[in-house]
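Have a look at the structure below before the remarks.
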Amino acid sequence: MRHLVTVGLLCVSAAFAQHKTENVIFVMVDGLRWQEIFSGADSSLIEPKEAASLKAYVTREGLMPFLWSTVAKRGQVFGNQSLGSEAYVTNGFNFSYPGYSETLCGFPDPRVDSNDKKLNPNVTVLEWLNQKPAFKGKVAAFGAWDVFPFIFNVGRAGFPVNAGYDPFETTPMTPRLQLLNQLKAETPHVWADEAFDAIPFQTALEFLKTKKPRVLYLSLGEPDDWAHAGNYAEYLRSIHRSDEFLEILWETVQAMPGYRDHTTLIFSPDHGRGGAPVEWKSHGQKIPASKYIWMAFLGPDTAASGERSHIPAVTQNQIAATLAALLGEDYNASVPQAGKPISDVLPH
């Protein structure tokens, strides 16, 4: 019996030894289609006057160089239907609030059926983690869309949530954060409910450098806004910027002790979009194809399997438990209705 106990303890120790992720950066980007992720720009949607300036984006490597040069080579990317890899939402609505809630809580909720500013009745995986001593005060969320304080139920959540044009207040305030707050107030508000992505990105980046959270969430919104406006050129440029932001975040943590080789990056949208030539502008229940998404993982515990092909589908409701599992936490034990972790991206 003593030998069996010893073997069991050795197995447990080995499992913990394999676990390297101590921090997670989760970046979501609103309404970025899987088609552009895996095929680059759709030439049929590019206006002739924009062709020269967008030429580099016709290939996926030109549109998202960091995703394809680093994430896809050293991590895993799911959702290329052309290769037999599907990823999709399960909430049936195929638009933002239900998608963010499903992603962050791990399950769809029929009560979350609009983009209205209503407090989320469900606890997100970020709030769940923040309740644990190891993560208390080490969680933060930033977003372009001003609905995020409601999605996270900020009054209950217990961690910083900054979104839209709201000033971000923390202690101490750095000169850079003060400038970002000033820019929120003084720059034109093209969309009443959403700042340009550079604002939440730079705010999150400064918070990362100064406060060193263990879980950092960032949501970017421009691709969805430009797509709804039918502006394919700006849609592509905002996708390219999203990739640049992702690279900056990754290079930043790789240069920081405590983060280098101990941080996992997760990247995914809230929903998909329809196809060319018209439905790419929109999404929702009337566009069934907009349920299809993609997701990517890069970190020390995720095998470098690259662009996945001919595998079972993954779903949006699995991301919450996967995020927790990467940090060594069992989300399903507390939230059994949540989707199960994606085992392929976890240590084996």
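The values are calculated or read from the model by the stated rules, or taken from the named source; none is laboratory data. Source: prediction; values computed, not measured. Cβ coordinates were reconstructed from backbone atoms using ideal geometry, including for glycine residues, and neighbour counts include every protein chain displayed.
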Only unsatisfied item for SER309, checking (1) surrounded by 22 or more Cβ atoms within 10 Å (Cβ to Cβ); (2) in contact with a Gly (Cβ under 6 Å, 6 or more places away or on another chain); (3) within 21 Å of SER69 (Cα to Cα), is (1)
How many of the residues making up the range 89-120 are aromatic (Phe, Trp, Tyr), within 25 Å of LEU67 (Cα to Cα) and more than 14 Å from the chain's Cα centre (by Cα)?
1
Scanning the range 44-62 for residues that are surrounded by 12 or more Cβ atoms within 10 Å (Cβ to Cβ) and more than 13 Å from GLU234 (Cα to Cα), the one farthest from the chain's Cα centre (by Cα) turns out to be LYS55
Selection within the range 109-137 - among the β-branched types (Val, Ile, Thr) and part of a loop (DSSP other than H, G, I, E, B):
VAL112, VAL123, THR124
Is it the case that some residue within the range 316-332 is without any contact (Cβ under 8 Å) to a residue 60 or more places away in the chain, buried (at least 24 other Cβ atoms within 10 Å of the Cβ) and more than 21 Å from TRP68 (Cα to Cα)?
yes
Within the range 112-141, of all residues that are of a type outside the set (Ser, Thr, Tyr) and over 24 Å from PHE207 (Cβ atoms), the one surrounded by the most Cβ atoms within 10 Å (Cβ to Cβ) is VAL112
Test ALA296 against the stated conditions and say whether it is of a type in the set (A, V, I, L, M), touching a Ser or Thr at 6+ places or on another chain (Cβ under 8 Å) and farther than 19 Å from PRO108 by Cβ.
yes
Report whether or not VAL77 is part of a helix (DSSP H, G or I), buried (at least 22 other Cβ atoms within 10 Å of the Cβ) and either in contact with a strand residue (DSSP E or B) (Cβ under 6 Å, 6 or more places away or on another chain) or at pLDDT below 95 (or both).
no
Can you pull out every residue in the range 285-321 that is closer than 23 Å to ILE239 by Cα and basic (Lys, Arg)?
LYS291, ARG308
If you go through the range 187-211, how many residues are touching a residue at least 60 places away in the same chain (Cβ under 8 Å) and either assigned to a loop (DSSP other than H, G, I, E, B) or aromatic (Phe, Trp, Tyr) (or both)?
1
Sole miss for PRO288 among (1) surrounded by fewer than 20 Cβ atoms within 10 Å (Cβ to Cβ); (2) closer than 17 Å to ILE37 by Cα; (3) not polar (S, T, N, Q) is condition (2)
Taking the range 213-258, which residues are under 16 Å from ALA276 (Cα atoms) and of a type in the set (Ser, Thr, Tyr)?
TYR232, TYR235
Out of GLY258, GLY275, which single residue is over 23 Å from ASP344 (Cβ atoms), part of a loop (DSSP other than H, G, I, E, B) and either among the acidic types (Asp, Glu) or at pLDDT below 95 (or both)?
GLY258
For the range 142-159, what are the residues that are within 17 Å of the chain's Cα centre (by Cα) and either over 22 Å from TRP226 (Cβ atoms) or outside any helix (DSSP H, G or I) (or both)?
PHE142, GLY143, ALA144, TRP145, ASP146, VAL147, PRO149, PHE152
Surrounded by 13 or more Cβ atoms within 10 Å (Cβ to Cβ) and under 26 Å from LYS132 (Cα atoms): is that true of LEU218 in this structure?
yes
Pairing a residue in the range 335-348 that is without any contact (Cβ under 8 Å) to a residue 24 or more places away in the chain with any residue that is among the β-branched types (Val, Ile, Thr), where Cβ atoms lie under 8 Å and the two sit 6 or more apart in sequence or on different chains, gives PRO341/THR322
Quick one: is ALA56 more than 30 Å from ASP193 (Cβ to Cβ) and modelled with pLDDT of 95 or more?
yes
Quick one: count up the residues across the range 278-313 that are closer than 14 Å to ASN80 by Cα, in contact with a strand residue (DSSP E or B) (Cβ under 7 Å, 6 or more places away or on another chain) and either without any contact (Cβ under 8 Å) to a residue 60 or more places away in the chain or not in a loop (DSSP other than H, G, I, E, B) (or both).
6
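May I ask you to verify whether ASP225 is in contact with a helix residue (DSSP H, G or I) (Cβ under 7 Å, 6 or more places away or on another chain), surrounded by fewer than 24 Cβ atoms within 10 Å (Cβ to Cβ) and charged (D, E, K, R)? Walk me through how you get there before you give the answer.
Working: in contact with a helix residue (DSSP H, G or I) (Cβ under 7 Å, 6 or more places away or on another chain): no; surrounded by fewer than 24 Cβ atoms within 10 Å (Cβ to Cβ): yes; charged (D, E, K, R): yes.
No, not satisfied.
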